[in-house]
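A.B. asks: Right, I'll just put the structure down here and ask away after.
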Amino acid sequence: MAKIEFLDLGIQPIANNFLLTADQIKNEYKFHLTVTFDEETKLVSLSDFVPPELMFNDSYVYYSSLSQTMRSHFKETADALIREFSPRKILEIGSNDGVFLKNFENEMAIAVEPCGNFAEITKNLGYTTYKNFWTSELAEEIAFNHGRQDLIFAANCICHIQNLDEAFDAISKSLSSSGVFVFEDPSLLKMMERNSYDQIYDEHAHIFSVTSLKSILREYGLEIFKVQNLSIHGGSNRIFACHEKTRKIDKSVEENLTKENNFGLNSIAAYRQFSKNVQRSKDQLLDLLSELKRKKYKIVSYGATSKSTTVFNYCEIGPDLIDYIVDTTEAKQGKLSPGVHIPVISPEDGFDNSVNYAFLGAWNYEKEITQKEKIFLESNRFITHVPHVRFIK
Ligand code: TYD
């Protein structure tokens, strides 16, 4: 059984490393982004990982609380988990700005977050916070200080962890005997179905299928007992896992495994086809943007996402095609986008009558954004590449 490289997304920067100073621009870190399928575990991962400290540090700029979609999502998630499992002790790995945790009382919840700026936020909200990466050593320290946990939760975080063996081993040892480990990350099946190759960037060390998770979790005595398919982040899976043979297995597990197998996720042919689809998407997007530019239309991008870093660097789309990117995140405004150096400004400063077309970098928030930008849509169009290059009606 081999590990097979199937996709080459070219030279890429750190997806969330927005640049301010001349020094940052001169010393920008770049790496070759290629993707590998492991025939044995069926896991899809980056061929080479970026050192975690370069991505997750005190100037990390992704705030989960910034969109209404995410605030509602995490409130509903917390309410549902409380109803179903009545946990008394909760730990969240990758707690970001506390958007999930703040639905729990201070005394029952622990935050783990490597980015200092975010660890500070949950600490100030009154939660015991460990400013650390999730490692065996940290898990032992937490177990010593607080005992084992009834619920371990992680959203868009486990796929960031390069060493899954250590992560799952530490989780298994931190979970109480009847505890549940619930985590959600982008779905490999959805990515392949929708050709949303921009889910692939430095932070996403792995793109999970249920199939691959089942086989890796088993190594650590953990078993998936339920899977929920979510629309969040353009299609994610929420995985419910527990110690082996402690809970009844829901039929959603087998259903998801079957869906993945039927699509072809368990053999390399589907990945080779995906790679061809990605190349076609690049050609079509470049054709469309170049054609609009030739006609002298003003094109901007909406949402300075990590995903759009992948698209712009892979397709080599720079300020010659996209005048600027608008984004509500203050920490990104006034800076240049990673790699291709497109200026980022606030929507108030740049999303006005002069714009004809907007590439939807934040396509996963299409509903929220198209509702908010009804006036723009009266005479202008959003462009997306998902599931194929098109105007959004
Ligand atoms: P997101 O798609 O969640 O992230 P990523 O690809 O980095 O994981 O990021 C959404 C970005 O879009 C974030 O920087 C905030 C911005 N945004 C806006 O500017 N306006 C909006 O209305 C919304 C919903 C998001």
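The values are calculated or read from the model by the stated rules, or taken from the named source; none is laboratory data. Remember, it's a predicted structure, so these values are computed and weren't measured experimentally. In this analysis, Cβ positions are derived from the backbone assuming ideal geometry, glycine residues included, and neighbour counts consider all displayed protein chains. Keep in mind that these areas ignore ligands, DNA and RNA; they rest on the heavy atoms of the full protein, side chains included. Shrake-Rupley method; radii C 1.70, N 1.55, O 1.52, S 1.80 Å.
A.B. asks: Within the range 296-303, is there a residue that is among the hydroxyl-bearing types (Ser, Thr, Tyr) and more than 20 Å from Ser379 (Cβ to Cβ)?
C.D. replies: No, because not a single residue in the range 296-303 is among the hydroxyl-bearing types (Ser, Thr, Tyr) and more than 20 Å from Ser379 (Cβ to Cβ).
A.B. asks: Failed condition for Thr122, given (1) more than 16 Å from the ligand (Cβ to nearest atom); (2) open to solvent by 40 Å² or more (accessible area, probe 1.4 Å); (3) in contact (Cβ under 8 Å) with a residue 12 or more places away in the chain; (4) outside any loop (DSSP other than H, G, I, E, B), with all others met?
C.D. replies: So Thr122 meets the others, but not (2).
A.B. asks: Right, here's the next one. Hey, among Leu265, Leu289, Leu222, which residue is farther than 25 Å from Asp165 by Cα and buried (at least 21 other Cβ atoms within 10 Å of the Cβ)?
C.D. replies: Leu289
A.B. asks: So which residues in the range 310-328 are near the ligand (Cβ under 8 Å from one of its atoms) and either of a type in the set (S, T, N, Q) or open to solvent by 10 Å² or more (accessible area, probe 1.4 Å) (or both)?
C.D. replies: Hits for the range 310-328 are Asp327, Thr328.
A.B. asks: Sticking with this structure for a sec: Restricting to the range 23-71, and then to whatever is hydroxyl-bearing (Ser, Thr, Tyr) and more than 12 Å from the ligand (Cβ to nearest atom), can you tell me which residue is nearest to Val340 (Cα to Cα)?
C.D. replies: Step by step, filter the range 23-71, then rank; the result is Tyr29.
A.B. asks: Give, as residue ranges, the helices (runs of 4 or more DSSP H) completely inside the range 1-112 that count at least 3 residues that are touching a strand residue (DSSP E or B) at 6+ places or on another chain (Cβ under 9 Å) and open to solvent by 20 Å² or more (accessible area, probe 1.4 Å).
C.D. replies: 68-85
A.B. asks: Quick one: which of Ser231, Ser252, Ser212 is polar (S, T, N, Q) and in contact (Cβ under 8 Å) with a residue 40 or more places away in the chain?
C.D. replies: Ser212
A.B. asks: Does Ile392 satisfy the condition of being in contact with an Asp or Glu (Cβ under 8 Å, 6 or more places away or on another chain), more than 24 Å from Lys26 (Cβ to Cβ) and more than 11 Å from the ligand (Cβ to nearest atom)?
C.D. replies: yes
A.B. asks: From the list Lys295, Lys282, which one is surrounded by 16 or more Cβ atoms within 10 Å (Cβ to Cβ), assigned by TED's automatic domain parsing to the domain that holds Phe359 and away from the ligand (no atom under 14 Å from the Cβ)?
C.D. replies: Being surrounded by 16 or more Cβ atoms within 10 Å (Cβ to Cβ), assigned by TED's automatic domain parsing to the domain that holds Phe359 and away from the ligand (no atom under 14 Å from the Cβ) holds for just one of Lys295, Lys282, which is Lys282.
A.B. asks: Could you tell me how many of the residues in the range 126-157 are among the hydroxyl-bearing types (Ser, Thr, Tyr) and assigned to a strand (DSSP E or B)?
C.D. replies: Within the range 126-157, residues that are among the hydroxyl-bearing types (Ser, Thr, Tyr) and assigned to a strand (DSSP E or B) number 3.
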